[in-house]
Amino acid sequence: MLKIQSEIKQGILFIRLSGILSWRSAFKLEKYIKIVKNYKVKFLILNCLNLKNIDEMGILKLVKLDRIIRDNKGQILMCEVPLELQLNKLNLMILEDEKSAVKMINI
């Protein structure tokens, strides 16, 4: 089961994922994909601290989010990614925590 918590602070969309991002739960990210697309969100911080597992469909949803953010001339930053998830293959910047990610954006 995937739980998503989100908020906007300082013009940045924060998405915190908990549980398992799989083909069964990836549809829950569609809401955020629409928000990013419709509101031209430029910066997204994706916190994966409580993410237990991610499959190929989950990765594809993150790639889709990244593409839209890049089209908006922005960037996704990931933080608190458990090593066992091996998300470094996504070519997204991975930082220690949300505070470090906010500093990186420099708004």
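The values are calculated or read from the model by the stated rules, or taken from the named source; none is laboratory data. In this text the structure is predicted, and so the values were computed from the model without any measurement. A quick note on method: Cβ atoms are made from the backbone with ideal geometry, for glycine too, and the neighbour counts reach across all protein chains shown.
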Exercise for the section: Could you please let me know if Glu80 is in contact (Cβ under 8 Å) with a residue 12 or more places away in the chain, charged (D, E, K, R) and closer than 15 Å to Ser6 by Cα? Expected result: no
Problem - Failed item, numbered, when Leu95 is tested on (1) crowded, with 16+ Cβ neighbours inside 10 Å; (2) in contact (Cβ under 8 Å) with a residue 24 or more places away in the chain; (3) in contact with a strand residue (DSSP E or B) (Cβ under 7 Å, 6 or more places away or on another chain) - result: (2)
Completion exercise
The correct count of residues that are in a strand (DSSP E or B) and modelled with pLDDT under 95 in the stretch 79-94 is 2
Handout entry: Every residue from the stretch 41-81 that is over 21 Å from Trp23 (Cα atoms) and either within 12 Å of the chain's Cα centre (by Cα) or surrounded by 20 or more Cβ atoms within 10 Å (Cβ to Cβ) (or both)
Key = Val41, Phe43, Leu44, Ile45, Ile69, Gln75, Ile76, Leu77, Cys79, Glu80
Practice task
Answer yes or no: is there a residue in the stretch 30-37 that is more than 14 Å from Ile15 (Cα to Cα) and touching a strand residue (DSSP E or B) at 6+ places or on another chain (Cβ under 7 Å).
Solution key: no
Exercise for the section: Check Asn88, Asn47, Asn53 and return the single one that is over 22 Å from Ile105 (Cβ atoms), touching a strand residue (DSSP E or B) at 6+ places or on another chain (Cβ under 9 Å) and not small (Gly, Ala, Ser). Expected result: Asn53
Practice task
Could you tell me whether any residue of the stretch 24-38 is surrounded by 13 or more Cβ atoms within 10 Å (Cβ to Cβ), over 15 Å from Leu92 (Cα atoms) and touching a Cys at 6+ places or on another chain (Cβ under 6 Å)?
Solution key: no
